[in-house]
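The values are calculated or read from the model by the stated rules, or taken from the named source; none is laboratory data. Only a predicted model underlies this, so the values are computations on that prediction, with no experimental measurement involved. Using ideal geometry, Cβ is built from the backbone for each residue, glycine included, and neighbour counts are taken over all protein chains shown.
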């Protein structure tokens, strides 16, 4: 039989650490960007600041948004990988993109794209568990046989901490502050609010007293 104090402790724990299904969108639209879905680039990276994430997220979807009022096509094989990096998002190499990947670099998904570009382009895969306390997030996209013409919403470092892109196009590499508006879908874990910590402490103390009495 559950003792009432056990129930109190359980409720305290649930209120202090909550798992939620949801998404986080980084960046706001500032204009069209044809990288990487409307260019001939072979590798493309976006780096996201850890401070733009409010907590841990298990990523199962990555979404990009077609520039309003435009149309275009998609073509090529796109392989998306994610990793956690210690380097600052605006200090990565623009000539050796593979060296930017973190030690936990993990393939998220690989998809063949074709046909008309949708208003929202969604990649499902993973899950990839991202803990912002461990570093910044890097999205690496390698492309085989690119042939698309579509332009998607650009965040232009509108972070708030910013999005930075790195690219390689036919041997020409570069770095700009332009990065696609990105939505990460998945399960998030909320950070305990200060007011919930005393409740959690009371519940744990109650459990300890109960055990000592027995």
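Which condition from (1) farther than 21 Å from residue 153 by Cα; (2) out of contact with any strand residue (DSSP E or B) (no Cβ under 6 Å at 6 or more places or on another chain); (3) crowded, with 18+ Cβ neighbours inside 10 Å is the one that residue 125 breaks?
Residue 125 satisfies all of (1) farther than 21 Å from residue 153 by Cα; (2) out of contact with any strand residue (DSSP E or B) (no Cβ under 6 Å at 6 or more places or on another chain); (3) crowded, with 18+ Cβ neighbours inside 10 Å except (2).
Please verify whether residue 137 is closer than 21 Å to residue 178 by Cα, buried (at least 20 other Cβ atoms within 10 Å of the Cβ) and without any contact (Cβ under 8 Å) to a residue 60 or more places away in the chain, treating the condition exactly as stated. Even if it seems obvious, please write down each step before you answer.
Values: closer than 21 Å to residue 178 by Cα: yes; buried (at least 20 other Cβ atoms within 10 Å of the Cβ): yes; without any contact (Cβ under 8 Å) to a residue 60 or more places away in the chain: no.
Here the answer is no, as residue 137 does not meet what is asked.
For the stretch 99-115, name all the residues that are under 22 Å from residue 74 (Cα atoms), surrounded by fewer than 20 Cβ atoms within 10 Å (Cβ to Cβ) and touching a strand residue (DSSP E or B) at 6+ places or on another chain (Cβ under 6 Å).
Let us first name the residues in the stretch 99-115 that are under 22 Å from residue 74 (Cα atoms), namely 107-115.
Among the residues that remain, those that are also surrounded by fewer than 20 Cβ atoms within 10 Å (Cβ to Cβ) are: 107, 109-115.
Of everything in the stretch 99-115, those that are under 22 Å from residue 74 (Cα atoms), surrounded by fewer than 20 Cβ atoms within 10 Å (Cβ to Cβ) and touching a strand residue (DSSP E or B) at 6+ places or on another chain (Cβ under 6 Å) turn out to be 107, 109, 110, 111, 112, 113, 114.
So which residues in the stretch 57-69 are surrounded by fewer than 20 Cβ atoms within 10 Å (Cβ to Cβ) and within 10 Å of the chain's Cα centre (by Cα)?
Listed by number, the residues that qualify are 58, 60, 61, 63.
Which of the following residues is farther than 15 Å from residue 168 by Cα, outside any strand (DSSP E or B), at pLDDT 95 or above and in contact with a helix residue (DSSP H, G or I) (Cβ under 9 Å, 6 or more places away or on another chain): 54, 83, 71, 133?
Working: 54 fails: at pLDDT 95 or above; 83 fails: outside any strand (DSSP E or B); 71 fails: in contact with a helix residue (DSSP H, G or I) (Cβ under 9 Å, 6 or more places away or on another chain).
Going through 54, 83, 71, 133 in turn, just one is farther than 15 Å from residue 168 by Cα, outside any strand (DSSP E or B), at pLDDT 95 or above and in contact with a helix residue (DSSP H, G or I) (Cβ under 9 Å, 6 or more places away or on another chain): 133.
Is there any pair linking a residue in the stretch 116-132 that is free of Cβ contacts under 8 Å to residues at least 60 places away in the same chain to one that is buried (at least 19 other Cβ atoms within 10 Å of the Cβ) and part of a loop (DSSP other than H, G, I, E, B), with Cβ under 9 Å and at least six apart or on different chains, and which?
Every condition considered, the pairs that remain are 116/150.
Per-residue answers, yes or no, for (1) at pLDDT below 70; (2) within 15 Å of residue 46 (Cβ to Cβ); (3) not assigned by TED's automatic domain parsing to the domain that holds residue 75:
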| site | (1), (2), (3) |
| --- | --- |
| 139 | no, yes, no |
| 151 | no, no, no |
| 159 | yes, yes, no |
| 167 | no, yes, no |
| 184 | no, yes, no |
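Mind checking which pairs have a first residue in the stretch 82-98 that is exposed (fewer than 13 other Cβ atoms within 10 Å of the Cβ) and a second that is outside any strand (DSSP E or B), Cβ under 7 Å, 6 or more apart or different chains?
If the second residue must be outside any strand (DSSP E or B), the pairs left are 86/135.
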